[in-house]
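Every read-out reported here was derived from the displayed coordinates using simple, explicitly stated rules and does not represent laboratory data. Just so you know, these numbers come straight off a predicted model, no measurement behind them. Using ideal geometry, Cβ is built from the backbone for each residue, glycine included, and neighbour counts are taken over all protein chains shown.
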């Protein structure tokens with residue numbers, strides 16, 4: 001999945017290229033920094049969205065939409081603010097996708113012939129080549145698959161807190177900003193998620 005579209009959408013707001021001045025050079029530098037940020041989070045963001053939405057196409061749409069909105073609306077913010085802003089946008093987009101899926105499922109319930117859809121290939125994994133890193137190898141293992149299955153069964157807010165804290169490494173304050181709640185709520189959701197996962201996973205982890 002390319003993230004260049006997001007950076008271009010943001011930088012084009014400055015208008016047609018002219019002789020560069022200091023301000024324009026700063027804009028280009030920040031655009032490159034934003035592009036690097038998006039490239040760094042795309043795979044983890046896709047995995048988070050896929051666990052929540054349970055559909056690769058919907059997850060890909062959610063991540064792309066979140067990237068575009070971050071670039072358009074918050075590209076000029078300091079880079080330290082991008083992570084919580086991006087994941088808040090993504091979680092809102094995921095919730096929208098879940099609502100649409102519920103409507104779609106109610107419709108498909110009346111059309112059983114169309115209800116079953118083949119599982120699409122992972123678009124990000126397919127686009128990547130070369131040897132997988134240690135963490136990617138772990139994520140492909142049976143243990144990680146079991147973890148993802150258990151995470152998908154958590155209540156939505158527990159799911160968000162657990163994935164943002166563990167998959168993305170956000171601290172409590174950043175997670176609270178991304179989720180739009182208090183730090184105390186983050187701690188509560190995260191604690192309950194960990195307790196539930198430990199019970200379900202047992203000795204597998």
Can you give me the Cα centroid spacing of segment 153-205 and segment 56-96 in angstrom? 19 Å
Highest to lowest packing among 180-187, 76-83, 155-162, scored as the average C-beta count within 10 Å: 155-162, 180-187, 76-83
